[in-house]
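First up is the structure itself, then whatever we jot down about it.
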Amino acid sequence: DAGVIQSPRHEVTEMGQEVTLRCKPISGHNSLFWYRQTMMRGLELLIYFNNNVPIDDSGMPEDRFSAKMPNASFSTLKIQPSEPRDSAVYFCASTLFGSGNTIYFGEGSWLTVV
Amino acid sequence: DAKTTQPPSMDCAEGRAANLPCNHSTISGNEYVYWYRQIHSQGPQYIIHGLKNNETNEMASLIITEDRKSSTLILPHATLRDTAVYYCIAPNTGTASKLTFGTGTRLQVTL
């Protein structure tokens, strides 16, 4: 299995630009998560989906952030407009809900907003 | 989620067993204990989980006390590649897929 695939792996963008991070979960998994990691705040859950439906987005920091999951094999996390404080590593993860809940993480997207 | 408490850092000599403790005194009867680790610059990786019985897999062993208020993750023969941050998590039943990561224990394995 290819695992959770994220793109881009690294992105540097200017403040005010739109950023789109992409995720392909493991085939057959029905839950998908977006996490953000910074030195100051550690790993934070932003949002998670079950069967393509957003279940809990209480971790999304503000309206500049949005996430979609149009189908079972693809999700996006969008930041518009981006700000320097959004610089972080963004992880996508997936699991088969009810299977013991082992969550598999991607390698992350390293975002720098200058 | 049940609150978990872990030491911020530990050292272990290569080849020796690494014993990482976790306190979860508020855990309820049907909440599992999960362990993940994060090697530098990588995504977190699942290690093991358990409810009340001790568990072992190819990566580690998990010892849970009889009262379930604490547990210990054991890496039987630590190697340099085990240097990582180790997270102990006890998620609410029903939202067990929603993991909340604390600050974990930074394990440094040395020669």
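The values are calculated or read from the model by the stated rules, or taken from the named source; none is laboratory data. Please read these numbers as outputs of a predicted model, since none were measured by experiment. Neighbour counts are summed over all protein chains in view; Cβ atoms, including those assigned to glycine, are modelled from backbone coordinates with ideal geometry. Just so you know, the surface numbers come from the protein's heavy atoms only, side chains and all, with ligands and any DNA or RNA stripped out. Shrake-Rupley method; radii C 1.70, N 1.55, O 1.52, S 1.80 Å.
In table form, for the structure just shown:
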| item | result |
| --- | --- |
| Residue within segment B:64-76 that is within 14 Å of chain A (Cβ to nearest Cβ) and not aliphatic (A, V, I, L, M) present | no |
| Matching residues, segment A:74-106, being at pLDDT below 95 and either open to solvent by 50 Å² or more (accessible area, probe 1.4 Å) or more than 11 Å from every other protein chain (Cβ to nearest Cβ) (or both) | A:L96, A:F97, A:G98, A:S99, A:Y104 |
| Filter result (touching a Pro at 6+ places or on another chain (Cβ under 9 Å) and either over 15 Å from A:R22 (Cβ atoms) or without any contact (Cβ under 8 Å) to a residue 24 or more places away in the chain (or both)) within segment A:86-104 | A:D86, A:T95, A:N101, A:I103, A:Y104 |
| Members of segment B:1-46 found to be more than 29 Å from A:A88 (Cα to Cα) and in contact with a Lys or Arg (Cβ under 6 Å, 6 or more places away or on another chain), listed by number | B:S25, B:T26, B:I27 |
| Residue within segment B:28-36 that is farther than 25 Å from A:L45 by Cβ and at pLDDT below 95 present | no |
| Per-region count, segment A:47-58, residues open to solvent by 30 Å² or more (accessible area, probe 1.4 Å) and without any contact (Cβ under 8 Å) to a residue 40 or more places away in the chain | 8 |
| Residue match in segment B:19-31 (condition: within 11 Å of chain A (Cβ to nearest Cβ) and open to solvent by 40 Å² or more (accessible area, probe 1.4 Å)) | no |
| Cβ-Cβ under 6 Å pairs, at least 6 apart or on other chains, segment A:23-38 side without any contact (Cβ under 8 Å) to a residue 60 or more places away in the chain, far side β-branched (V, I, T) and open to solvent by 20 Å² or more (accessible area, probe 1.4 Å) | A:K24/A:I5 |
| Candidate set from segment B:89-102 (those that are surrounded by 14 or more Cβ atoms within 10 Å (Cβ to Cβ) and among the β-branched types (V, I, T)); member that is modelled with the lowest pLDDT | B:T95 |
| Strands (runs of 3 or more DSSP E) completely within segment B:1-92 that count 1 or more residues being out of contact with any Phe, Trp or Tyr (no Cβ under 8 Å at 6 or more places or on another chain) | B:9-13, B:18-23, B:33-38, B:61-64, B:70-75, B:84-89 |
| Hits in segment B:48-59 (condition: under 17 Å from B:G104 (Cα atoms) and in contact with a Leu (Cβ under 7 Å, 6 or more places away or on another chain)) | B:I48 |
| The one condition in (1) open to solvent by 50 Å² or more (accessible area, probe 1.4 Å); (2) modelled with pLDDT of 95 or more that B:D1 fails to fulfil | (2) |
